[in-house]
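What follows is one structure encoded as structure tokens, with my remarks underneath.
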Amino acid sequence: MWAAVCISNVLISVGATCLYQRELYHLNAYPAFTNQLNAVMQAVICAVCLGLLEFTGLARWCSQPQTPLCSWIELGFYLALQNALEISSIDKLGSGNAAMIPIFQQAALPTTLLISSVLLQRRYQLLHYAAACVVVAGVLISFLPVAVASQANISWEWALVYILSHVPQAMAGVRAEHLLAHHSSANSWQGMRRVLRAAYITALLALLFNVPAALVISWVQGHHGAIGSVFTDYAHGGSCLFFRAGPATAGTWPCVDAWVDVLAFALPGVAFAVSQFAVLQHASASTYFMLLGLELPLESLLLSVDLVMGQYVAEYHASLLWGIGIAVPGLALWARAEAVAASEQQRARKSTVELHTDQLLCVERGREDSSS
């Protein structure tokens with residue numbers, strides 16, 4: 001199950017990212033509207049799936065333990081904070097530093113290792129750290145040559161903000177891992193309902209938190225009248241999507257057939273969110289960020305394939321192949337380290353059970369001796 005969930009996450013993430021880039025081709029000028037639109041579609045699709053599970057009796061609501069609302073709100077807050085910091089800093093870093101983004105993103109991995117060690121008492125072996133170093137090296141080899149060739153100036157202040165944005169991201173991953181793994185079920189349908197509910201609730205909270213996050217982003221970007229600019233974003237985005245009419249400065253051509261790519265991303269986008277929570281449920285937050293080290297170069301490679309992206313195709317870089325070739329063995333090392341850790345935990349639990357059994361036997365024998 002562990003391997004199947006991780007492989008599915010990689011495949012779904014790569015495919016969904018390509019479709020998301022096609023959606024952004026039409027709606028890139030309206031980021032606040034796009035975030036809300038995707039959150040609405042995720043909430044609706046997850047609600048339909050949850051309703052089907054309830055109606056068919058495969059996994060009923062009453063059969064699952066309930067999570068306090070404050071835990072979900074905490075998770076939504078971390079995700080909204082990460083989103084606001086990330087988008088603001090990417091905007092300030094500029095498109096010339098796009099290749100540095102995946103490199104800076106690797107800060108999430110050591111941050112998650114540290115936070116999970118503190119909050120979840122997870123213990124990592126030397127093989128875990130070696131695997132993490134190999135995957136990070138793969139990302140560096142994939143994107144560093146591109147970043148060097150761009151010769152763009154880096155605003156290190158905003159680079160630091162982007163790196164720090166992965167602290168709430170790591171916190172969200174670790175908290176979600178705890179919420180999902182703590183109530184894991186042997187029933188596969190119950191497990192599916194659990195991750196669907198997580199995707200549904202976080203989508204609803206995103207609808208709430210996206211508004212203040214958009215206000216912060218608008219203020220950082222220097223827009224006069226942050227509230228007005230956010231609602232203008234919503235209005236223009238809706239006009240572009242529903243009426244194929246953007247503002248005069250943007251023209252109408254990006255809005256043509258926007259609905260096609262928006263609907264094409266809807267189901268894969270939800271599958272992407274669900275697969276993220278599935279990895280957190282069956283593996284860990286650390287494993288998720290390890291997988292991300294492979295997904296980033298794979299996504300960039302697929303985005304450069306003309307057959308896949310058509311007119312949206314990106315530039316091809318041979319270094320991506322080298323990075324993928326390094327990241328795959330790193331993930332294999334990580335899988336081995338997880339298997340060894342799971343085996344040791346199983347032996348420890350078995351030893352604990354045997355110790356308790358021996359203690360009970362000693363107590364019983366003592367009672368028999370005293371009675372005789």
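The values are calculated or read from the model by the stated rules, or taken from the named source; none is laboratory data. What you are looking at is a predicted structure, and each value in this text was computed from that prediction instead of being measured. Because the Cβ atoms are built from the backbone with ideal geometry, glycine has one as well, and the counts that use them run over all protein chains shown. With ligands, DNA and RNA removed, areas are computed over all heavy atoms of the protein, side chains included. Shrake-Rupley method; radii C 1.70, N 1.55, O 1.52, S 1.80 Å.
How big, on average over all directions, is the shadow cast by the Cα convex hull of region 1-131, in nm²? Intermediate results must be reported in sequence, preceding the final value.
Values: hull surface 46.2 nm².
Directional mean of the projected Cα hull area for region 1-131 stands at 11.6 nm².
Ratio to report: Rg/Rh of region 8-50, with Cα atoms as the point set and Rh obtained by the Kirkwood method; give two decimals.
For region 8-50, the value is 1.04.
Let me know the charge dipole size of region 1-146 about its Cα centre in debye, to the nearest 20, where only the beta-carbon of Lys, Arg (+1) and Asp, Glu (-1) is charged.
260 debye
What nm value, rounded to one decimal, do you get for the distance between Leu114 and Trp156 when each label is placed 7 Å out toward the C-beta?
1.9 nm
Between 0 and 90 degrees, rounded to the nearest ten: what's the tilt of helix 108-119 against the longest Cα principal axis of the chain?
30 degrees
Starting from the Cα of Ile7, step 7 Å along the direction of its Cβ; do the same at Arg123; then give the gap between the two resulting points in nm.
Those two pseudo-labels are separated by 3.1 nm.
How would you classify region 254-321 from its alpha-carbon gyration tensor, with a ≥ b ≥ c the square roots of the eigenvalues: rounded for a/c under 1.5, else prolate if a/b is greater than b/c, otherwise oblate?
oblate
Considering only protein heavy atoms and a 1.4 Å probe, what is the carbon-and-sulfur percentage of the accessible area of the chain?
67 percent
Helix-only mean residue ellipticity at 222 nm, the chain, DSSP H runs n ≥ 4 weighted -39,500 (n - 2.57), per residue, nearest 500. What is it?
After summing the helix terms and dividing by the residues of the chain, the value is -28000 deg cm²/dmol.
Given R₀ = 45 Å, FRET efficiency for Leu164-Phe55 by Cβ-Cβ distance, to 0.05? Numbers along the way, then the final one.
Working: r = 44 Å, r/R0 = 0.99.
Approximately 0.50, to the nearest 0.05.
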